[in-house]
1. Since Asp258 meets every condition but one in (1) assigned to a loop (DSSP other than H, G, I, E, B); (2) in contact (Cβ under 8 Å) with a residue 24 or more places away in the chain, which condition does it not meet?
2. Could you tell me whether segment 65-85 includes any residue that is crowded, with 21+ Cβ neighbours inside 10 Å, touching a helix residue (DSSP H, G or I) at 6+ places or on another chain (Cβ under 6 Å) and of a type outside the set (A, V, I, L, M, F, W, C)?
3. Of all residues in segment 222-260 being under 21 Å from the mean Cα position of the chain (by Cα) and under 14 Å from Ala293 (Cα atoms), which is surrounded by the fewest Cβ atoms within 10 Å (Cβ to Cβ)?
4. Would you call Ala298 small (Gly, Ala, Ser), open to solvent by 30 Å² or more (accessible area, probe 1.4 Å) and modelled with pLDDT under 95?
5. Give segment 326-337 a look and list any residue that's surrounded by 15 or more Cβ atoms within 10 Å (Cβ to Cβ) and among the hydrophobic types (A, V, I, L, M, F, W, C), or say none.
6. Taking segment 96-110 only, how many residues are open to solvent by 50 Å² or more (accessible area, probe 1.4 Å) and either touching a strand residue (DSSP E or B) at 6+ places or on another chain (Cβ under 9 Å) or touching a residue at least 12 places away in the same chain (Cβ under 8 Å) (or both)?
7. State all residues of segment 113-127 that are assigned to a loop (DSSP other than H, G, I, E, B) and touching a residue at least 40 places away in the same chain (Cβ under 8 Å); if no residue qualifies, say none.
8. From (1) modelled with pLDDT of 95 or more; (2) open to solvent by 10 Å² or more (accessible area, probe 1.4 Å), pick out the condition that doesn't hold for Ala192.
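The values are calculated or read from the model by the stated rules, or taken from the named source; none is laboratory data. Being a predicted model, the structure only gives us computed values, none of them experimental. Heads up, the Cβs are rebuilt from the backbone with ideal geometry, glycines too, and the neighbour counts pull from every protein chain shown. Surface areas here come from the heavy atoms of the whole protein model, side chains and all, with no ligands, DNA or RNA. Shrake-Rupley method; radii C 1.70, N 1.55, O 1.52, S 1.80 Å.
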Amino acid sequence: MRFFSKRAVTYKNFIRLLVAAAVLFGAFRAVFPPKRPISPVILLINRYPLQEDDKRFLKRINPYGFLLSIPIHPGMNTLELKKELEEVLERKDFLFFIDQEGGAVNRLKHFISGFDAPAPQTFGELAKTDLNKAVRQVHEYGLRTGRALKELGIDVVFAPLAEAASGDDIHHRSRYFSADPAVAKALADAFAQGLDEGGVTPCYKHFPGAPSKTDSHKTAQRIDDSPETLRTEKAPLFANAARWNCIMTAHAVYPSLDAKNASAYSPAFYRFLRKEVPFQGLILPDALNMEAAEGGSASAGARMNKALAAGADAVMPFFNFSADPQDMEAEIRQISPVYVKRFQKRAGLLKRRN
């Protein structure tokens, strides 16, 4: 017995089936439109309130998230901004990031006047006489910080700074908990736990450590540690980063891994982090406009693409505050579609908390 009669498979009936299928597909797409790919970039809010050309730019780019407090926008309402961006991007899974270590890096003061944010070194000094007390206090500080950030709608905090100081004469020594690796780890982990309990996700930085007498924003960095030292002495300080799926990497050349490329652009560096540490969460290089990341030597688009090609998951280009949206879009469009597609499977590693 034939499944179809001769009449059922006439040319006209075939055309009718195709038209019906097209109509059904169109109706399906109208109800369930395809998701626009998320760009693997974290952007600044260059202008606030948002201008119409900013909104059009952001909708076309569809970024992974936003770093707040740079630049400073007096009067910014972060909760209203999040709602506005939800309408612009037509999605609610983008993330708000912030730097909040305390001391010299106290972004909360721009939103909460007088917020008490002691420098990490403060807790390290206390740990010299009473480690347990220092751990309790830094945990309480993390909890208080996390709760304050949660009220602002922040999702992810670029903290703790988990690397150990290499001495007292390094740049911004107060940002480091301790020169003792065991103490630095105990305090960083306690601070991270407090942040998490307060309602935000900690992102450990700057793997595997690059303390220096000079500022990596202004000078290139070179760290001459052996792979064994990096593996056994430096990497353990970042072990708990796996709990929260986020690591920010340092900007430096590590000759024992790759003598030619800064870490952000080194496939060998990412292989070391992925396979030998190992870490399978989100890897985010520090801002790519820094001098240690070759900030002045290539276009932002070229640097972003190079970092993603090497193995980064997402990047922070940090365009000039006065940059034109069209110029920024042209740079972001230099990212290969291959890396944008790859990121779609990684974007869910961090979840919105607020």
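1. Failing condition for Asp258: (2).
2. yes
3. In this case the residue turns out to be Val253.
4. Values: small (Gly, Ala, Ser): yes; open to solvent by 30 Å² or more (accessible area, probe 1.4 Å): yes; modelled with pLDDT under 95: yes.
Here the answer is yes, as Ala298 does meet what is asked.
5. Met328, Ile332, Ile335
6. Restricting attention to segment 96-110, the residues satisfying the condition of being open to solvent by 50 Å² or more (accessible area, probe 1.4 Å) are 104, 107, 109-110.
From what is left, the residues that are either touching a strand residue (DSSP E or B) at 6+ places or on another chain (Cβ under 9 Å) or touching a residue at least 12 places away in the same chain (Cβ under 8 Å) (or both) are 104, 107, 110.
Residues flagged as open to solvent by 50 Å² or more (accessible area, probe 1.4 Å) and either touching a strand residue (DSSP E or B) at 6+ places or on another chain (Cβ under 9 Å) or touching a residue at least 12 places away in the same chain (Cβ under 8 Å) (or both) within segment 96-110 amount to 3.
7. Hit for segment 113-127 is Ala119, nothing else.
8. (2)
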